[in-house]
Structures are given as C-alpha cells and as structure tokens.
Amino acid sequence: MELNTAISGLAAAEASATRVSRGGLVSATLVALIGAVVIFITPGFLALVAQKTGFDNDQLGYLVAWDINAMGVTVGLSTFALARVRWRPAVALGLTLIAAGNLLTASVDGFVPMVAARVVAGAGEGIAVGFSFAALGRAVNPDRAFSVYLVIGALLSSAFLYTLPGIQAVVQPGVVFALIGVIAALVILTLKAFPDGSKDEPDLFAGGGKVDLRLAAGSLLGVFLLFFAMGAVWGYSERIGLDSALPVGVIARGLSIGTLAGMVGAGAAGFLPRHWGRTMPLMLSGAAGIASFLLYDGQVAPNAFVIATVLMMFSWNFAQPLLSGICSEACQRGRVVCAMGSIQTFGTGLGPAAAAATLSTGSFRFMLYAACAVLALSIVVTTLTIAGERRRARA
C-alpha cells in the first residue's frame, strides 16, 4: 500500500550494511504488517469504531487522523534514530505501544479517551514501520522483500474487509481491537531474528550528496497532495457506501477487490517501459483517480461502488512507485525518498480530518469535488516539477 517507500532507500543505500537473514525478513514483515494495519484497513477500522462508539462521520475522520499523524511523527523520528539506537529494543517499544493502544481502544468509548488510545497506537505503528522498512531494505533483494510485504498485506486486508460484515455480526468491535493488540504482543517474540542495527552505524543524513531542492520540494508537495486526496476518500469509502444504502456485502466486496487492485497497480507501474517516462502515466493515474471520486458522488449503485474503489486503489498504488522514483532522483543517498515516507503518512492522516470538516451538511459531495481538485493539483505540481528538471538537465 502507501507505505512501501519510507526508509527502504536509506537502508539499501548503505553498501556496507549487514544483510538481513531469512528469519529477520519474516520478523520484519510481521512488524511492518502490524505497523501499517490501520492504513491497510482504514474503512474497516472506521466501521468498527463507529459500531463500538456511535461516532458520527466527522468524529471518525478526526480520530483516524490522530492515529495516522501520530504514526507520521514517529516514522520521521525513526529515520533519524536508525543510526543511534539498537533496533530490537526500539521495535519492541513500538509493538508494546501498538498493543497498549489497541487494548485501550477496546476498553474506552468516549471521543477524547479514544483519541488518546489511537495516539498511543499510532506512535507505536510509526516506530514499527520505520525500523521494519529499514530492515526490509537490507535484504539481498529489497524489491522482492517489499513486494512480498505488499502482497501479504493486500491479501490479508482484502480478506479482512471482505469478511468484516460477518465479523461484526458475531464479535464485538472491542474484541477485534484486543486481538490486534495481542497479535502485536506476540510479534515481539520474533524479534530475536530481527536485525539489531548498530550504534556506530554511519548517520545516513549527514553529508554525502547534494539534495536537489527544487526537485525535492516539488515532488514532496505532489506526494502530500496526492495522499491527502486519496486518504480522505479511502477513509470514508465505507461510509459513502452506507450513505447510499448499499448492502454490507457489496461494500465489503468493493473494498476487498479494491485492495487487491492496489496491489496490481503497484506491480503494473514496475513494468512500464522506461522510455514512457513518468509524466503521461501520472496524468492517466490522476484521471483514473478523479473518475473514481466522481463515481462515489450521489446515490452510488452497487457496481459503481466496486468500480470506483478499484479505480481509486489502482490509481493510488500505480502512482506511488513513479513518485518514489522522482524523490529518489532528488537525492542519491535516499534522504528525500525517506522524507516521502513521513510526508505521505501525514497526507493520509490529514485527508480524513480535512474531509470531516466538510461533512456538516451530511453530504459527501463537497469532499469528493475538493478531493478531485487536490488530486488534479498534485498531478500538475508533479508534472511541472518533472518538466522543470528536464529543462535544467538540457541547459
């Protein structure tokens, strides 16, 4: 999904870094999955919270924003901590926070206590994602390691979203959150195989290559805007289906198929011929994303809901590798692509919060059209950045 780029560039850039073992890869994959669980299943997460608490749509948006933005902060902090702390204790702390946050989520109902619980969980999620991505980036074949992580994540989240209506019918939401907490605690048992980093590892942020500031600024702004728009609509996609009185089975099917389509989109971007460049594929991706938002408008038919979710997730994940490539070119040591991991997380978290402020009328229309405008602006900013870089290269 949307966290496939954050710190891998840094760890992979260090030629002298110790390669991770097979057991370490298994541990790192499990840590990454539990760290990114809320982003993988955002609509299902909101559905469970709504069932448990009765929060309205704007409260749900603010709640998930607190979670994901707390995650964004600790992803960013983790990038600077990689060379300064032992990795296993740091990851154990992150997993402990995830477990504690989810157990608190299972036991509270008020909005402020729920926000506090999700901030605790989100802080742990960011630590888990940051260090696990660094570990996956040390694999002999990091592309394959991240591909395995994304495929497993897509399959598990797709299965969860598809079966969610049945789960909600027989299990209280608090039990689901408690189970996530227990799983996070059990993953701690795998950390013996997790790479431990080194206190004397070189600081990858210090010196060693000039950053192209114009390319970095343009690409990161484009990333933020894209994740802001996509995060807003993805977070509310399940609520949009409910607002159109769609059967829960249709909503579950659309969300699960859409999640799988995201996996296909990420893979498809990797097979694009290099001579095609990035401008036209990004424009086509943006057009598909805008079309998906418009399909969500008004009274959404069952087939339209499925098609919209497929288009949105395919577009989102198709664009990510292209944006990662642009960010990578802004700094050969991976500093900008690392910053992208934190920027995209903040964008994903702030999107639902901004959307929540537009829902006082009870309609999603303003949110959807605003998301169209923000997504279009993202593509414009990114393509202008590419064109400017091309002109400077020729000069």
* Regarding SER107, is this residue out of contact with any strand residue (DSSP E or B) (no Cβ under 9 Å at 6 or more places or on another chain), of a type in the set (Ser, Thr, Tyr) and within 29 Å of THR309 (Cβ to Cβ)? -> no
* Structure fact -> Contact list, first residue from the range 12-28 and among the basic types (Lys, Arg) and part of a loop (DSSP other than H, G, I, E, B), second anywhere and surrounded by 15 or more Cβ atoms within 10 Å (Cβ to Cβ) and modelled with pLDDT of 65 or more, beta-carbon distance below 6 Å, six or more apart or interchain, is ARG19/ARG138
* To do: Spot the failing condition for GLY265; the list is (1) closer than 19 Å to SER378 by Cβ; (2) at pLDDT 90 or above, and only one is missed.
  => (2)
* To do: Considering only the range 139-179, state which residues are crowded, with 19+ Cβ neighbours inside 10 Å and touching a Lys or Arg at 6+ places or on another chain (Cβ under 6 Å).
  => PRO173
* To do: Within the range 26-40, count every residue that is over 10 Å from SER132 (Cβ atoms) and over 10 Å from the mean Cα position of the chain (by Cα).
  => 1
* So which of LEU323, LEU368 ends up being at pLDDT 80 or above and within 23 Å of LEU77 (Cα to Cα)? -> LEU323
* **When residues of the range 249-303 are limited to those that are aliphatic (A, V, I, L, M) and outside any helix (DSSP H, G or I), the one farthest from GLN168 (Cα to Cα)** => LEU272
* Asked: Is it fair to say ARG88 is part of a helix (DSSP H, G or I), out of contact with any strand residue (DSSP E or B) (no Cβ under 8 Å at 6 or more places or on another chain), buried (at least 19 other Cβ atoms within 10 Å of the Cβ) and among the basic types (Lys, Arg)?
  -> no
* Asked: Can you tell me which of THR345, THR385 is among the hydroxyl-bearing types (Ser, Thr, Tyr), within 22 Å of the chain's Cα centre (by Cα) and in a helix (DSSP H, G or I)?
  -> THR345
* Select from the range 40-85 the residues that are acidic (Asp, Glu) and in a helix (DSSP H, G or I) and write down the one among them that is surrounded by the most Cβ atoms within 10 Å (Cβ to Cβ). => ASP67
* Asked: What is the one condition in (1) touching a helix residue (DSSP H, G or I) at 6+ places or on another chain (Cβ under 8 Å); (2) modelled with pLDDT of 95 or more that PRO195 does not satisfy?
  -> (2)
* To do: Name, by its number, the condition in (1) over 18 Å from SER157 (Cβ atoms); (2) at pLDDT 90 or above that does not hold for LEU272.
  => (2)
* Are there any pairs with C-beta distances below 9 angstrom linking a residue in the range 216-229 that is over 13 Å from GLY289 (Cα atoms) to a residue that is acidic (Asp, Glu), with the two at least 6 apart or on different chains, and if so which? -> GLY218/GLU389; SER219/GLU329
* Does the range 232-248 contain at least one residue that is part of a helix (DSSP H, G or I), in contact (Cβ under 8 Å) with a residue 12 or more places away in the chain and in contact with a Leu (Cβ under 6 Å, 6 or more places away or on another chain)? -> no
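The values are calculated or read from the model by the stated rules, or taken from the named source; none is laboratory data. Small disclaimer: the values here were computed from a predicted structure and weren't measured. Virtual Cβ from ideal backbone geometry, glycine too; neighbours counted across all protein chains shown.
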